[in-house]
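Right, I'll just put the structure down here and ask away after.
A short reminder: the numbers here are calculations on the coordinates, not readings from a lab. Remember, it's a predicted structure, so these values are computed and weren't measured experimentally. Because the Cβ atoms are built from the backbone with ideal geometry, glycine has one as well, and the counts that use them run over all protein chains shown.
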Amino acid sequence: MASKPQGFSVDTRPNKAVVVDSLIRDISIDACIFDLIDNSIDAARETIYKFDKSADQNKPPASYENFKIEIKTDGDQFSIIDNCGGITQDDLAKSVLRFGQRSSHKSGIGVFGVGLNRAIFKLGTLINIESDTGREKCTLELNTPEYIQDEHNWNLPAYKYPSGKTIGTSIKTKGLSSETSRLLSDKSWQKSFAKETGRRYGKFIEKGLQIQLNDEYIESKLIQLRANSPYGKETKFFKLSESITVYMEAGQHEKHKFSAEPDWDKDANRPLTPEFGWTVFCNERAVIISDQTWKTGWSGKFHTQFYGFVGNVYFSSSDPEKLPWSTTKTDVDLNNPAYQATLKEMEKFVQIWRANSDDAKLKRRKEEPLTPTPSPQTPAQPEGPAHGDPSPGKASPKPAKPAPKQIAEGPVKKPVPRVDHNTFETILPDDINQLHCNDKQLALVNEAKRLNLNTLSYSGLVLIRMLFEVSSVQYLIRRGSYNTLKEKLIENRNTEREKADREPLSQTEKRNISPTLDEVIAFFESHEDIWDPAISKNIKFSLKKFAKHKEKLNSAVHNPFQLISKLEAFAIREEVLPILRHLIESNVNS
């Protein structure tokens, strides 16, 4: 008889040395420190959400005032100290240092569960962590060589104390390698790191976050778009899903001048070249900066035709794992569906810039002047619905930095109040999804997001009419119904011509035919099947209201005696907004 097999266990435990080496092998010192800054910002955000009950956790906070991160480096040690909220005993015991434990921060930037581990193993061999939440204080010390040698014990001793009421976290590292020691003490590296930090965290700094490197405050280094560019600025906001929004802006570098402009200076333009290209943000944290490669849609070599171009893409999500960043957060995930969809939109923005650049060159050859547009004198725009403040803008001059304030157990400073979208004064709210908008429609929607109906009531009513006409045509094209409308128009126009004993429409006239406002409304009323049944009732009601207001919208343009009050203008907007939103946002599968 065959002998009975004996069971045994196969050891699959990882080797500590291999785990640690795989974590730190391809990570730079800069990226490790950025991971620690990410953790501090996530803690600050959680503190804001905790104490400000009005804050929407699906959106970035409007302010990081009172939060501070202090970084100190020299040849002997590295430290990062913040006042951003502290680590609880439970989190320190169960998740913070556990390899691969995913972040649970809503709208966070510390995502993949390896950042803190990576940083402390990379930076040195003797690590001290001290954290105080205001309720409890915890400390932990790690001797890396001893930890790695003990293959059987994956736990670390930590200690809990009563709170010292100095809220925040301190991470101090000694036992630096010779390479790390030389780098951290190098003045040129410190200068370069401060600039990179100012670009990667510029949005947070502009919202009040203080970051210090060796007692020097780091300023925001975001590249600004030129406010008075001859060709203006292109913007687009859209939702790729219920949890992912994208805001895009592109235009001219604030210091760049076209050769056709009177004050063009080639030598002044030359140093700006490294600052051209696309910068991609995930939850307000810059991932790639001024990219001029195929990753951001540049086919072939980035050449002089694109000089002056600056574009920013802001991806936002309450679930940071869905955003297109690599595990080091210094590159984009090209396979991410959200990034693939957005890349197509980025390429459209580049084509607009190409046309502007060609126009500027043509004006130079013809010796025609290219003059700046007047700088807009507009009030600050309200914060966007899901992507934070959509346009970075120039940071306001800041007074001398105060000493860091400790955050006591209680409410933090209230963020900047948000605009109630039920009382917004523009024609369209900021959260209109522009994914399906191109060319003229996109320009009109952007104007409608900016035009204040309270101060420009008549202009607003004209724009409402234009929006309806253009958006109706684009909607029918997406639905595959526009040819049906054109055929009906041709039939009706030819019937009228026959009655008037005139020749039928020529091929050119047929090709260029466009519907009147009355014809669009009549088509919608006779083709109710083009509306989604789930919302058909509301859309038809809004269409009926629009038809009722048609005469007043027309008189705003043509009748020199027609008076329309602001209250009437707002009432019209409220009644037609549902159909405008549907025509703009709905895709072919709606």
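Using per-residue counts of other Cβ atoms within 10 Å, averaged over each peptide, order 241-249, 279-287 from highest down.
Ranked from most to least packed, the peptides come out as 279-287, 241-249.
Taking Cα pairs under 8 Å and at least six residues apart, what relative contact order does segment 66-221 come out at, in percent?
Over segment 66-221, the number comes to 32 percent.
Please work out how much length the chain gains when fully extended from residue 56 to residue 242, using 0.36 nm per residue of separation minus the C-alpha to C-alpha distance, in nm with one decimal.
Stretched fully, the residue 56-residue 242 segment lengthens by 65.5 nm.
Still on this structure, please answer the following. Put a dot 7 Å past each Cα toward the Cβ at residue 94 and residue 528; how far apart are the dots in nm?
Placing both labels 7 Å beyond Cα along the Cβ direction yields 5.5 nm.
Would you mind computing, in nm to one decimal, how far apart the modelled labels at residue 567 and residue 502 are, each placed 7 Å from Cα along Cα→Cβ?
The answer from the label model is 4.5 nm.
Which of the aspartates and glutamates could a cross-linker bridge to residue 72, judged by Cα under 14 Å and excluding same-chain residues fewer than eight apart?
30, 82, 186, 215, 216
Related question: Based on the Cβ-Cβ distance from residue 264 to residue 492, what FRET efficiency comes out when R0 is 60 Å, to the nearest 0.05?
0.65
Residue 208's amide H: which non-local residues (gap 5+, or another chain) put their own amide H closer than 5 Å, with H modeled 1.01 Å from N in plane and none for Pro or chain starts?
So residue 208 has HN proximity to 64.
Right, here's the next one. Taking amide H positions as placed in the peptide plane 1.01 Å from N, state which residues far from residue 284 in sequence (5 or more) or on other chains have amide H under 5 Å from it.
When sequence neighbours closer than 5 places are left aside, the close amide H contacts are 315.
If you don't mind, there's one more thing I want to ask. Evaluate E = 1/(1 + (r/R0)^6) for residue 76 and residue 28, where r is the Cβ-Cβ distance and R0 equals 22 Å; express this FRET efficiency to the nearest 0.05.
Given R0 = 22 Å and the Cβ-Cβ separation, E is 0.60.
Place the peptides 470-477, 553-560 in order of packing, highest mean first, counting for every residue the other Cβ atoms within 10 Å and averaging per peptide.
With the highest mean Cβ count within 10 Å placed first, the list reads 470-477, 553-560.
Could you tally the net charge around residue 514, taking each other residue with its Cβ under 10 Å from the Cβ of residue 514, Lys/Arg +1 and Asp/Glu -1?
-1
Kindly provide the trypsin sites (Lys or Arg not before Pro) of segment 499-535 that DSSP labels as loop, not H, G, I, E or B, and whose Cβ sees at most 12 other Cβ atoms within 10 Å.
502
How many lysine pairs in segment 421-585, separated by 8 or more positions in sequence or lying on different chains, have Cα atoms less than 16 Å apart?
8
Still on this structure: Expressed as an acute angle from 0 to 90° and rounded to the nearest 10, what is the orientation of the C-alpha long axis of helix 439-450 relative to the principal long axis of the chain?
70 degrees
First check a/c for segment 29-217, with a ≥ b ≥ c the square roots of the eigenvalues of its C-alpha gyration tensor; if it is under 1.5, answer rounded, and if not, answer prolate when a/b is larger than b/c or oblate otherwise.
oblate
Hey, another quick one. Expressed as an acute angle from 0 to 90° and rounded to the nearest 10, what is the orientation of the C-alpha long axis of helix 566-585 relative to the principal long axis of the chain?
Roughly 70 degrees, rounded to the nearest 10.
Under 1.5 on a/c is rounded, so check that first for segment 234-365, then, if it is not, pick prolate when a/b is larger than b/c and oblate when it is not; a ≥ b ≥ c are the square roots of the alpha carbon gyration tensor eigenvalues.
Prolate, since a/c reaches 1.5 and a/b exceeds b/c.
Given charges of +1 on the Cβ of Lys and Arg and -1 on the Cβ of Asp and Glu, with all other atoms neutral, how large is the dipole of segment 234-365 about its Cα centre, in debye to the nearest 20?
480 debye
Considering the values (i) 53, 28, 25; (ii) 77, 30, 17; (iii) 45, 31, 19, which represents semi-axes √(5λ) of the Cα gyration tensor in Å as calculated for the structure under consideration?
Answer label, from the structure shown: (i).
While we're looking at this one, here's another question. Just check segment 529-585 against the gyration tensor rule for me: Cα atoms, a ≥ b ≥ c as the square roots of the eigenvalues, rounded for a/c under 1.5, and otherwise prolate or oblate depending on whether a/b exceeds b/c.
Prolate.
Mean 1/r over all different Cα pairs, inverted: what Kirkwood radius does segment 447-543 give, in Å?
Mean inverse Cα-Cα distance, inverted, gives 15.5 Å.
Moving to a separate point now. Local charge sum around residue 554 (other residues, Cβ-Cβ under 15 Å, Lys/Arg +1, Asp/Glu -1)?
Taking every other residue near residue 554 into account, the sum is -1.
Tell me, what is the percent relative contact order of the chain, built from C-alpha pairs under 8 Å that lie six or more residues apart?
After rounding, I find 13 percent.
Also, I was wondering about something else. Put +1 on the Cβ of every Lys and Arg and -1 on every Asp and Glu Cβ in the chain; which of 49, 183, 495 then has its Cα farthest towards the positive end of the dipole?
Result: 495.
Now for a separate question. If you count the DSSP beta bridges with both ends in segment 29-217, what percent of them are antiparallel, to the nearest 5?
Around 90 percent antiparallel, to the nearest 5.
Separate question: Enumerate by residue number the trypsin sites (Lys or Arg not before Pro) in segment 288-345 meeting two conditions: DSSP loop (anything except H, G, I, E, B), and at most 16 other Cβ atoms within 10 Å of the site's Cβ.
Here the sparse-neighbourhood loop sites are 301.
A follow-up question, please. What do you get for trypsin sites (Lys or Arg not before Pro) in segment 1-48 restricted to DSSP loop and a cutoff of at most 16 other Cβ within 10 Å of the site's Cβ?
In loop regions of segment 1-48 (DSSP not H, G, I, E or B), the sparsely surrounded trypsin sites (Lys or Arg not before Pro) are 25.
Related question: Mind pulling the angle between the C-alpha long axis of helix 187-200 and the longest principal axis of the chain? Nearest 10 degrees, somewhere in 0 to 90.
For helix 187-200, the angle is close to 40 degrees.
How much mean residue ellipticity at 222 nm does the chain get from its helices, if each DSSP H run of length 4 or more adds -39500 (n - 2.57) and you divide by all residues, to the nearest 500 deg cm²/dmol?
Helices in the chain give a 222 nm mean residue ellipticity of -12000 deg cm²/dmol.
For a quick protection proxy, order the peptides 179-186, 254-261 by their average other-Cβ count within 10 Å, most packed first.
254-261, 179-186
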